[in-house]
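Visitor: Sharing a structure with you now.
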Amino acid sequence: MNNAAIKETWDGTPKGAMRVFLENDMWALAKVSQLGKMDVTPELVSKYTQASLDQIDKIARESYPLYQVTENSDIVLHAEGPGAEHNKPTLTSLNWLTYTAEKNIRSLISATLDLFCVTDGKNIAKNADLRLSGIAPGSIFIGLKLDIPPLPYFPEVGDIREKLIGTAKRLPMLARFIGDEGLEPGIREAEQDPALRDAALLSLLNFSPTGRRGIHTLNISSREHGGVSLSQRERVVLYNVFRRPKIETLLSGSFSGEVRAADLDKERFHLRASDGTMIRCVMQAMKKDQAKNILGNLCRVSGKYDVNNNGQPRLLYVERLEPIEPLI
């Protein structure tokens, strides 16, 4: 039995692997005996069987757990570093990985829902059922499965649940546009909505390890888009991108609306404009009191903004913010 035949008959399970290896051994021994080249003794059968059992043991301990993780996950995270030693990761590293994964994915879900104008996106994200679909040896491999509760269908958006899961799965694809000194030009075509692109890149920044938790690199992958490694280099590049965005080629304008969400750590809030458009606003050095005062209130924001492929304003770098007094 050749390698091609083995590949065709193995179903990916340890039991299937055992069957294939033993069948292969028996076929080889029978062929040797038939040609009269060797006496098939019990000792010879034992020798061949032991070799197969060693391979099966390796598959059961290493390959099969990883197979289960990749098959049952929307996203797979693979951490490497001194805190992620094979079979003996530190609890600090494992806790960082699971905490970061949960916080990051929930934040991405919340931001995406809000940008799709879905009411109560924060609570939906909070109640999303995020499952650890498996842990495999070989540094730390963990799989994440996103179970989003049923959401209403919006004709202009489509199936939001699928878009949410798709946004998470697309993170590895967008990570490939992180260059040595900035973002590669093709990222605008890869994600044409500037607001969603900004939210996804912030998620990648948060996934990029600092090295302080014993993790030096974090590979993020999905079956649809493969895998990409994030390290301190990508973290520095993304940090600089957000601190010094290129706004010279953007449009200038002012928009009025209600502030829907504010995130001080990310210096961002969402503005629901009077025409129903949701605009993601970036306001550097936003103070806590300022965020508290504008949340839920009417404001006018001015600055440089980027549009999606339909020409709608989606991402605005705030240069001026003015509260609007409600009419009595």
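Visitor: Which pairs do you get when a residue that is without any contact (Cβ under 8 Å) to a residue 40 or more places away in the chain, found in the range 171-198, comes within reach of a residue that is β-branched (Val, Ile, Thr) and in a loop (DSSP other than H, G, I, E, B), reach meaning Cβ atoms under 6 angstrom, with the pair 6+ apart or on two chains?
Guide: Correct list of pairs: empty, since none qualify.
Visitor: Scan the range 83-103 for residues that are touching a residue at least 24 places away in the same chain (Cβ under 8 Å) and more than 15 Å from residue 210 (Cα to Cα) and report the count.
Guide: 8
Visitor: Additional query: Go through 318, 307 for me and flag whichever is out of contact with any Asp or Glu (no Cβ under 8 Å at 6 or more places or on another chain) and either in the same structural domain as residue 193 (by TED's automatic domain parsing) or crowded, with 20+ Cβ neighbours inside 10 Å (or both).
Guide: After applying the criteria, what remains is 318.
Visitor: Just to be sure, is residue 142 part of a helix (DSSP H, G or I), β-branched (Val, Ile, Thr) and either surrounded by 14 or more Cβ atoms within 10 Å (Cβ to Cβ) or modelled with pLDDT of 90 or more (or both)?
Guide: In short, no.
Visitor: A further question on this structure: Looking only at the range 203-225, count how many residues are closer than 14 Å to residue 167 by Cα and either in a loop (DSSP other than H, G, I, E, B) or over 11 Å from the mean Cα position of the chain (by Cα) (or both).
Guide: 3
Visitor: Take the range 104-120 and flag every residue that is within 19 Å of the chain's Cα centre (by Cα) and without any contact (Cβ under 8 Å) to a residue 40 or more places away in the chain.
Guide: Matches in the range 104-120: 106 only.
Visitor: Further question on the same structure: Could you pull out every one of the strands (runs of 3 or more DSSP E) wholly within the range 226-294 that has 3 or more residues that are among the polar types (S, T, N, Q) and either surrounded by fewer than 19 Cβ atoms within 10 Å (Cβ to Cβ) or touching a residue at least 60 places away in the same chain (Cβ under 8 Å) (or both)?
Guide: Ranges flagged: 251-263.
The values are calculated or read from the model by the stated rules, or taken from the named source; none is laboratory data. These numbers were taken from a predicted model, which means no experiment stands behind them. Glycine also receives a Cβ, built like all others from the backbone with ideal geometry; neighbour counts cover every protein chain displayed.
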